[in-house]
Amino acid sequence: MENPFETQSAQPRRPAFLTVICILTFIGSGWGVVSGVMKLFTADLMNSNMQIDTYSSMMGDVEDNSLATQMLQSTMETFQTTAIHAKEIATMNLVLSLMSLLGAILMFNQRRLGFYFYAVAQVLMLFVIPYFAGFSMMTVIGTVGSGFITLIFIILYAVNLKHMH
């Protein structure tokens, strides 16, 4: 005979590890949404010409071909391009952060579809800056660094796919 005082949930209990990585994603993607909204509204207010002139004056008439000079030139070129496309970059990052957050919410509720939303959003987010600014030395370094963290989280979520339906 069945005990009427015991309640059984239809959904299996979420593992603590999945809860922890979802909370970390809520923080990261939530911050991405907040900063994306802020950048979207302040993109037009940014006086990029003044900032570009500041970087240009720092460079001066340097003819040096050292690695530091090349990195500074690469950074300046990337900054110029991202300043020009600030609104588009902010929009793309906001949409992808929302998609990532939706994926984390779905995975928190043990829905497998959330993993795919999250993974696609994170991989696409890696290529937003290189799409607009090109593959300079600085964008490649940033993409590789971010890609490493992205890969770790995708693997951590993939390990937990067996707990999702």
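The values are calculated or read from the model by the stated rules, or taken from the named source; none is laboratory data. Nothing here was measured: the structure is a model prediction, and the numbers come from that model. Every residue, glycine among them, receives a Cβ derived from its backbone with ideal geometry; neighbour counts consider all protein chains shown. Ligands, DNA and RNA are stripped out before the accessible areas are found, and what is left, the full protein with its side chains, is counted by its heavy atoms. Shrake-Rupley method; radii C 1.70, N 1.55, O 1.52, S 1.80 Å.
A few comments on the model shown:
- For THR75 and VAL120, a Förster radius of 22 Å and the Cβ-Cβ distance give a FRET efficiency of 0.15, rounded to the nearest 0.05.
- 3J(HN,Hα) along the stretch 128-139: 5, 5, x, 4, 8, 9, x, 9, 7, 4, 6, 5 Hz, from the Karplus curve 6.51 cos²θ - 1.76 cosθ + 1.60 with θ = phi - 60°, whole Hz, x for Gly and Pro.
- In this structure the stretch 67-165 gives 53 Å² per residue of accessible area when probed at 1.4 Å with all protein chains present.
- Calculated from backbone phi, Karplus (6.51, -1.76, 1.60) coupling profile of the stretch 89-103 in Hz, x at Gly/Pro: 5, 4, 5, 4, 5, 5, 4, 5, 5, 5, 5, 5, 5, 4, x
- Rounded percent of accessible protein surface that carbon and sulfur make up, the stretch 95-141, 1.4 Å probe: 78
- The stretch 90-157 shape via C-alpha gyration tensor axes, a/c threshold 1.5: oblate
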